[in-house]
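Encoded as structure tokens, the structure appears first; notes follow it.
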Amino acid sequence: MVRRRGVMPSARWSPADYNRLEAAITAGARVAVLRQGGELVVVPRRLGMRGGREMIEALHPATGEIVTFMLDEIDGVEVVA
């Protein structure tokens with residue numbers, strides 16, 4: 001496995017983490033994505049694969065822009081109530 005500096009494999013995501021994210025996708029709930037010291041609140045639309053890596057495709061609620069996050073680049077995800 002080739003590992004880029006500062007990138008953790010998505011294996012660090014627990015089943016509970018995936019369950020929370022999947023529940024947010026199903027409910028259309030907003031989540032705060034934490035990465036590179038910043039936070040962005042988005043509405044996740046789907047989980048998928050791109051180039052052999054897991055990703056979240058999300059909608060930015062203010063702009064309507066589709067944003068893609070690679071799971072191995074995310075520091076954390078929190079469901080916003």
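All of the numbers you see were taken from the coordinates with simple rules; none came from a lab. These figures come from a predicted structure and were not determined experimentally. Cβ placement follows ideal geometry from the backbone for every residue including glycine, while neighbour counts extend to all protein chains displayed.
DSSP finds beta bridges in the chain, and of those with both partners inside it, around 100 percent are antiparallel. For the stretch 10-80, the spread of Cα coordinates along the three principal axes comes to 31, 23, 22 Å, biggest extent given first. With contacts taken as Cα pairs under 8 Å at a separation of at least 6 residues, the chain carries a relative contact order of 30 percent.
What ranking do 40, 59 get, fewest neighbouring Cβ atoms within 10 angstrom at the top? Walk me through the intermediate numbers first.
On the way: 40 13, 59 16.
Result, fewest neighbours first: 40, 59.
Among residues other than residue 34 whose Cβ falls under 9 Å from its Cβ, what is the net charge (Lys/Arg +1, Asp/Glu -1)? Its environment carries a net charge of -2.
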